[in-house]
Structures are given as structure tokens and as C-alpha cells.
Amino acid sequence: MAQIVLENLTHSYVPNPQADEDWALKGIDLVWEDGGSYALLGPSGCGKSTLLNIISGLLSPTGGRILFDGEDVSALSPVGRNIAQIFQFPVVYDTMTVFQNLAFPLRNRGLDESAVEARVREVADMLELGPTLERRAHRLGADGKQKISLGRGLVRSDVNVIMLDEPLTVIDPHLKWQLRSKLKQLHQRFGFTMIYVTHDQTEALTLADRIVLLHQGRVVQSGSPEALFERPEHTFVGHFIGSPGMNRFPAAIRDNALHIGRQQIPVDADLSAIIPAVERGATLEVGVRPEHIRLCADGFPVEVRKVSDVGRYRIVEAQLHGIAFKIYLPESARLPAPVAGARAAFERARTHVYVDGWLHPPAAS
Amino acid sequence: MNHRVTHQKAWWMVLPVVALVAFNAVIPLMTVVNYSFQETFGDNVFFWEGTRWYLQILQSDRFHAALYRQLIFTGIVLAVEIPLGIAIALCMPRKGIGVSVCLVLMALPLLIPWNVVGAMWNIFALPDIGLLGRGINALGIDYNFTRQPLSAWFTVILMDIWHWTSLVVLLCYAGLCAIPNAYYQAGKIDGAGNWQIFRHIQLPKLKRVLTIAILLRFMDSFMIYTEPFVLTGGGPGNATTFLSIDLVKIALGQFDLGPAAAMSLIYFIIILLLCWVFHTLMMRGEERS
């Protein structure tokens, strides 16, 4: 177990990176605390797998350092770093039995046979692989194979970190839940550091204590699921986390007040600090989550276009001065009648101002 | 199973293939079967001989000797070409310009007509003017493939390895390229060395292509005719007279159509039988789920 620090990590798959898009990772500074459970979240192609492979040592970064407990491991091989990694598609050694598969990493490290036997049986019991130990690994189903992959990571009791790269992609939905809770249970019991890569926010939110959101090779926000939901530090975070995502409105400052179209919007943010940036041509936006907009009599007039019932709540699609946005309507709430006179209000504390995509004022971290 | 019977009409789709196979394989084969039970002296006059030709072939020392030579030849060729093919495939680059260069180089021997291969090696191995022949003699080894059985065998086997190892290489290379990268990565993380990666990842994943490679190489080498015929003509003496060369000698040289037909069928059954044995052995324990 170890604390993992990434210092200004950059990576490019191109021999001579010049342009911004040549870089897969554009300077990552992160601290993964010992025993934490992290979800590395982001859309396809954002650099998640690259980052993971750099931490595990399968890939060496173009620039920057990786520290395990303060020790620079940038030059070490995956074996030297003592990590475990589970891949998207289950990897098992076809010709071996389940037992031999689980014993493989231990035998390669020269552990004596009685210790191997004991450890393999223990891990097999935890993963409920006990009855299949003597079977050929390739005869198991996808979930069984993925458990073997996980088991090969868990048999080494001293691993620094267990990394999972979208491990449930090929697993049937009903087994996904089982494996996910099994993983959570194992993490709570053994306290290993876990980094879980996914592009599925539900998976990230249910599994991890902290979420690192990656976008175009940069960390856009790292924090608790609540923080990412309540205070998205970038419009991308607002858009990516939550369903539907955060509403974005182009805004302007007039008479020291924030306006969307002709409508003045009260906000907590100190506007005077951003006026110079806006004058230089920075884009100014207001972000409010659908959950933080109320339909109420004392709000500003909005035009309701469509109401969709999504089961336990409804989504109201509305327009404010021609800008479309969504409102979350709980089951208990009623639509105003007539709809033509609908009015809405933003929750002031949760109405955020974004300058060039970034939250203003920036979070003190 | 009953619910599958609804698509009977699909059988009509297979009809062209059935007709084609009938005309180019089954009917000629039946002609051979016909010859194998009869004796003819020309003029389309046939006499029934029963199993006489079969017994004659099976009891003849000449057939035994040719079969024995054939088994040794095929055995050596497989024992060399399969491991060599795997080894070369493992060494080939996986990306960059080297890939196409290697693939073209590997494909070259396969593109050359078989009789040309024989002619090339014939000249190449001549002890007085051939590069190989002169080279070996210059090393102080007495080498002459037209006079010494050992030299002849050496040349025929070397020629076959040169000609056909590429096929094994190309099949194995395709198999290796199909292994997902995650296997190698997992192997590295599990602390596996190169040998273990080969033994536990690459070799098991190559099983299917190797089955095909071994079957193809077995059949082709067991039926080999053109190259040794052009190179040595089956000599010196009968030293490199393999089954098919012997068969042609009987059928066309002596015009003994009956024994030749019987021998063809015995030959065919041996190949079929050995292929089945190879296939069963290699597919043993294969997944059937």
C-alpha cells in the first residue's frame, strides 16, 4: 500500500509533439491517498487508460514523475512497482486451471508452495471461486474469468495499488451489480488503494469515494461525488456528471449585474473580478443544474416546450430568451396551469459563473 | 433439434458446390476405384481382379520402402518447419515498415512455381557450378546429390524447408498478431518471463493456427512430387523415391493401371487417417460450450 503522487505527468504517442492535440496527457498533478478508492472518469479518448498504464509502468511518460510513498518509481517495471491491473477484457491463462492462474503471480515471485496454496485458497474463497479451483480457466464464463483476473491481483497481499480498467464492460448487467458490490466489500475489508477507470458515472458514483474527472488529457476536477455535482469546476464536469447534465447559458455583464438575454440573474460570485477577462473576449457562461431550478410564481417568465416523464420524475424542457434548458420536476411538484404563464427561478447559491469554461471564483483546493 | 428442420430449402443453395465437387473429385475418384479392381490390356476390355492389386501393393517391398521414406521425410520436414516457423514469426516486427518487408520476403518462396523451385535447387546444388554444391565441397565435405543418397536427402529436405517454412511463419504471425495486448500486459504485471509468456500466452493462443499449419504441411509434404522429381528424379537409385513419385512410375512408367489405382487409394486412405489422428490429438480438450 502506498500513497501515489503524480507530478506534472505528460504523455504523447507522437514522436515530436508540437500542437496541443498531439498530447494524450497535458500535465497531470494528482495525489492518490493510501487506501482510497478512486474513480477515474471521463469520455472515451480522454486519456484514462494512458494515465492508468503510466501508473502501472506499462507505458513510460513523456514527461513528469511518479512517486510511490515519496520514492520515484518512474523508471521501474510493472513488477518493480508491485501493482495489480485488471483489464477491460478478462485475461486468463487458457491452459492453466483456476488454481494455477491464481498461483501464477506468486510462483513467478518465488514464493514457497505452501504459502502459495494458502493464499490462493483464501483469495478463491473471497471471490467465491473455491468450487472451480481445479477447472480449466477458459471454461468459466466472462464474470468468472474477470474474477480470476481480479484474484491474480489480490493474491499478492502487498500490492501498492489495484487498478481496474473498465473491468465490467463484458459482464452481463445482473452480474455487474454483484461484482461491483463484491469489489466494494473487498476494498472495505482490505483497504487497498483502488483506481477504477470507467466512463459510466453511475459506476463511478457507486464505487468510489473520490472521483477524478479527465477531459482531453487534463484533470478538470477531482473530489467527492457531491463536490462534482454541487460545484462543478468546469462546464464539462457539469455536463458529464448528472443526467441530464448542467444547463449552460451564455451570459453578459451589464450594469454590474449578470444577464442571460434581457433577464438579470442574481449570483453570489464577485463580478467585478471577471470584468477585465470578459473585456478581453473571454466567454462568460452561467451554469445551473436542472435540479436547482424551481418552477414558481415569483420567478422570471419562461417558455415551456416539452415535458417528458422519466419514471420517478419529469424533465421540463423550457426556453429563456431563446436558450433551451431543462428543469427537473419531482413527482410531487405540479406543472403550473396554464403552462403559458410559467415562471422559474434559479437557486442562487447553486448558480455558478464560468469564465472560459472554468468556475469563478475557482475552488480553493 | 426439431425446430431447425424449417430451413430445408437452403440445401438447394449447396447444390452448385455438390455438383462441382462431384465432377472434380468424386467421379474421378470412382474411376480410380473402378481401375483398382480390374485388369486391362487396352481396347477398353476389362477383367475383374477383386482385391488382388491391393494385396499385391500391401505386400510389396517396393511400396513399404517408399512409404517408409515418405514417413521419414514428412517427419523431418514437420519437425524442422513447425518450430522454425514459430521462431521466425516470434522474431518478426509487429509494426513499422519492417512488417511489409518481412511479409513480402516470407511470401516470395510461396509464389514460385513448384517445378521452378526444383530446377532452381537443382542448379543451386550442383557440385561443380552450383553455389550451394560448390560451397559445401569447398568446406571439405564430399557432397554430390546426384550420386550420394545422403546428399540427395539433405538437398530435398533443405529445399522443402526453404519453400514451405514461410507458410508456417505467415500462419503463426497472423495468430500472434491476433493476441490482444492486454495478455502481454497482464503477463508483465504477473511477473512472467519471456519463456512463460511464450508457454502460457502465445503457444496456447497459436493452437488453432498451428493445427492448420501442421495439417497443411503434413498433407503437402506427404504428397510431395514436383520438387524432388525435378531435383533428383527419385534418385540416386530409389533413395528419394517418395510415394507419389513411385506411384507415377507404376502408373505411367510401367502402365500398370490396376496396381497404380490400388496404390492411389491406399495412399489416400493413409493421408485421411493420419490427418484425422493429427486433428483429434490437437483438438483434444478443446472448448465445446
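Rg over Rh for the protein assembly as shown works out to 1.16, using Cα positions for both radii and the Kirkwood form for Rh. Each listed q (0.10, 0.11 Å⁻¹) maps to a log10 I(q)/I(0) for segment A:74-233 from the Debye sum over equal C-alpha point scatterers, namely -0.39, -0.47. At a threshold of 40 Å², the residues of segment A:135-158 that become less accessible to a 1.4 Å probe in the full protein assembly than in their chain on its own are A:138, A:139. For chain A, the square roots of the Cα gyration tensor eigenvalues, ordered a ≥ b ≥ c, give a/c of at least 1.5 with a/b greater than b/c, which places it in the prolate category. Prolate is the label for segment B:68-223. Its Cα gyration tensor axes, ordered a ≥ b ≥ c, give a/c of at least 1.5 and a/b above b/c.
Other residues lying with their Cβ under 12 Å from the Cβ of residue B:144 contribute a combined charge of 0, Lys and Arg counting +1, Asp and Glu -1. Normalised per residue, the accessible area of segment B:61-288 is 48 Å², obtained with a 1.4 Å probe and no contribution from ligands, DNA or RNA. Our note on the geometry: Cα centres of segment A:1-50 and segment A:259-274, 35 Å apart. In sequence order, segment B:274-279 has phi-based couplings of 5, 4, 4, 4, 4, 4 Hz under the Karplus curve 6.51 cos²θ - 1.76 cosθ + 1.60, θ = phi - 60°, and Gly or Pro positions carry x.
Annotation for the A:B interface, with buried accessible surface near 1800 Å², both sides summed [1.4 Å probe; non-protein components not counted].
On a per residue basis, chain A carries 45 Å² of accessible surface, using protein heavy atoms and a 1.4 Å probe. Sort out for me the Cα centre separation of segment B:109-187 from segment A:332-365, rounded to whole Å. Cα centroid of segment B:109-187 versus Cα centroid of segment A:332-365: 77 Å apart.
Dipole orientation for chain A: of the candidates A:76, A:329, A:17, A:329 has the Cα lying most toward the positive pole (charges on Cβ; Lys, Arg +1; Asp, Glu -1). Taking every residue in A:93-103 and counting other chain Cβ atoms within 10 Å of its Cβ, the average works out to 3.
Rounded to 0.05, the FRET efficiency of the residue B:150 and residue B:207 pair, given R0 = 35 Å and the Cβ-Cβ distance, is 0.45. Which residue, A:245, A:141, A:311, tops the fluctuation ranking in a GNM of chain A built on C-alpha contacts under 10 Å? It is A:311. In this rough spin-label picture, where each label sits 7 Å from Cα along the Cβ direction, the residue A:108-residue A:340 distance is 7.3 nm. Label-to-label distance, residue A:243 versus residue B:198, with points set 7 angstrom from Cα along the beta-carbon direction: 4.9 nm.
Sites listed here are trypsin sites (Lys or Arg not before Pro) in segment B:201-244 whose DSSP assignment is loop and whose Cβ has at most 12 other Cβ atoms within 10 Å, and the list is empty. Nonpolar atom fraction for the protein assembly as shown, defined as the carbon and sulfur part of the 1.4 Å probe accessible area, stands at 60 percent. Measuring spread by the Cα atoms of chain B yields a radius of gyration and Dmax of 23.5, 77 Å.
In chain A, a dipole from Cβ-located charges (positive for Lys and Arg, negative for Asp and Glu) runs towards its positive end, and of A:276, A:114, A:59 it is A:114 whose Cα lies farthest in that direction.
When the Gaussian network model of chain B links Cα atoms closer than 10 Å, the mean-square fluctuations of B:173, B:143, B:183 top out at B:183. Would you mind pulling out the separation of the Cα centroids of segment B:219-285 and segment B:1-75, in Å? Centre-to-centre (Cα) distance: 14 Å. With 0.36 nm allotted per residue and the present C-alpha distance subtracted, the residue A:158-residue A:121 stretch has 11.6 nm of extension available. Over all directions, the projected convex hull of the C-alpha atoms in segment B:183-243 averages 6.1 nm² in area.
Put a plus charge on the Cβ of each Lys and Arg, a minus charge on the Cβ of each Asp and Glu, and nothing anywhere else: the dipole of segment B:61-288 about its Cα centre is then about 680 debye. For segment A:218-365, the alpha carbon convex hull comes to 120 Å³ per residue, rounded to a whole number. Between residue A:128 and residue A:76, the FRET efficiency from the beta-carbon distance, with R0 = 25 Å, is close to 0.15. Using R0 = 56 Å, the C-beta based FRET efficiency linking residue B:17 and residue A:206 works out to 0.55. Sorting B:219-228, B:258-267 by their mean Cβ neighbour count within 10 Å, with the most densely packed peptide first, gives B:258-267, B:219-228.
The values are calculated or read from the model by the stated rules, or taken from the named source; none is laboratory data. Just so you know, these numbers come straight off a predicted model, no measurement behind them. Cβ coordinates were reconstructed from backbone atoms using ideal geometry, including for glycine residues, and neighbour counts include every protein chain displayed. What goes into the accessible areas is simple: the full protein's heavy atoms, side chains included, and nothing from ligands, DNA or RNA. Shrake-Rupley method; radii C 1.70, N 1.55, O 1.52, S 1.80 Å.
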